[in-house]
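Visitor: One structure, as structure tokens, below. Some questions next.
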């Protein structure tokens, strides 16, 4: 039985297919599997020539193709890592704030506490070479914010990022590192110990990149949109006028997130980026309490929403368990094989090894009993 993640990972690994192209293809053709079965003539107006060549190879050789072999290796690695999760856009656990951004990542690799992605976050970014005062500010603000219920999100880079992660850890708080490499590679390598501390203290590492992706310079601006996209606001500690931190702040504004900036000396070149942000409308902050005060209402609303969501999930789980008890073993097997996404009869036959006639008959029975509904040529659990 083929791993249900297989086709999504194949599409994700195609050359010249980033987040926007991935989402466009799935929107046009319905699913990653459907994309990969389309004729090259249909795809050539949408994807790069290099992409077409790999799809042609995949369609011709199937599981023997180079890209399929890479994905099988990915799946073997994922299955060997008990604390790594693959989150797809269709999954209910995909963070709601991230769903709202342009070019949202279709897949997220998460090491650590997957539920952390949906909790209230504040991003802290800044220079890779901060002044001693800048590093101290990043640490102190992160420590305060983590102590007041926020998860601190940053990029695991040198300087302000590292100080922010360490500040959150000092408060015994949670912190998320969004990486510009594959989840299986730590960059910079000197932060391996920091990454381990983040996980050990209930935090998470996150990457949208395929396994094995190295620290390519183009990855980091893309990474920054996830840092801001996960968060209610972005705090810029120290930044030059031309810097990745200002790109993150600009992205945050485009995503309708709050932007905060710490002012500094007019003689400090690393304060100029913050001063520019303040002139453009960012909130000047002098203490962590300034941020908490501005976001407190949002934080309370999110906590209430999360509590209700968890209560509904618990009730739904109880109902699901009770309802399945009344089904035959074969019906239970079919329901478990369906998951909650639309699926056709052929896929169910492949997943369960039940004869097609028996699957079709059971689906009709389950539809009459109110467990599934027919959607076009497929069925969906309800």
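The numbers here are math on the coordinates, done by the rules we state, and not lab data. Remember, predicted model here, so these are calculated numbers, not experimental data. Backbone-built Cβ (ideal geometry, glycine too); neighbour counts: all protein chains shown.
Visitor: What order do you get for 379, 94 when you list them from fewest to most C-beta neighbours inside 10 Å?
Guide: Numbers: 379 25, 94 18.
In order of increasing Cβ crowding within 10 Å: 94, 379.
Visitor: Taking R0 as 45 Å, what FRET efficiency do you get between residue 82 and residue 241 from their Cβ-Cβ distance, rounded to the nearest 0.05?
Guide: Calculated transfer efficiency: 0.50.
Visitor: Can you tell me the FRET efficiency between residue 38 and residue 189 if r is taken as the Cβ-Cβ distance and R0 is 45 Å, rounded to the nearest 0.05?
Guide: Efficiency for this residue pair is about 0.65.
Visitor: Same structure again: Given the Cα-Cα distance of residue 96 and residue 284 and 0.36 nm per residue of separation, how much length would full extension add, in nm?
Guide: On the way: separation 188, 0.36 × 188 = 67.68 nm, distance 2.75 nm.
Separation in residues times 0.36 nm, less the Cα-Cα distance, equals 64.9 nm.
Visitor: For a quick check, take a GNM of the chain with Cα springs below 10 Å and name the residue from 13, 257, 192 with the largest mean-square fluctuation.
Guide: 192
Visitor: Normalised by the residues of the chain, what does the relative contact order come to in percent, with Cα pairs under 8 Å and at least six apart?
Guide: 11
Visitor: Taking 0.36 nm per residue of separation and subtracting the Cα-Cα distance, what length does fully extending residue 45 through residue 374 add? The partial results should precede the final answer.
Guide: Working: separation 329, 0.36 × 329 = 118.44 nm, distance 3.28 nm.
Here the segment from residue 45 to residue 374 would lengthen by 115.2 nm.
Visitor: Label 7 Å along Cα→Cβ of residue 70; region 35-53 residues with amide nitrogen under 11 Å?
Guide: 51
Visitor: Taking only Cα atoms and a 10 Å spring cutoff, compute GNM fluctuations for the chain and point out the largest among 26, 71, 152.
Guide: Maximum among the listed residues: 26.
Visitor: Which percent, to the nearest 5, of DSSP beta bridges fully inside the chain are antiparallel? Write down the numbers at each step before the final one.
Guide: Details: 15 of 34 bridges.
So the antiparallel bridges amount to about 45 percent of the total.
Visitor: Pick from 171, 252, 142: which residue has the top mean-square fluctuation in a GNM of the chain where Cα pairs under 10 Å get a spring?
Guide: Ranking 171, 252, 142 by mean-square fluctuation puts 171 first.
Visitor: So, in nm, how far is label residue 367 from label residue 355 when the simple model puts each one 7 Å beyond its Cα toward the Cβ?
Guide: Once both label points are built, they end up 2.1 nm from each other.
Visitor: Follow-up. Expressed in nm to one decimal, what extension gain is obtained for the pair residue 140 and residue 256 from 0.36 nm per residue of sequence separation less their Cα-Cα distance?
Guide: 39.2 nm
Visitor: Can you pull a Stokes-Einstein diffusion coefficient for the chain at 37 °C (0.692 mPa s), Rh from Kirkwood over Cα pairs, as a whole number of µm²/s?
Guide: D = 145 µm²/s.
Visitor: So if R0 is 35 Å, what FRET efficiency would residue 382 and residue 24 give, r being the distance between their Cβ atoms, rounded to the nearest 0.05? Display every interim value, and only then the final one.
Guide: On the way: r = 29 Å, r/R0 = 0.82.
Computed FRET efficiency for residue 382 and residue 24 comes out at 0.75.
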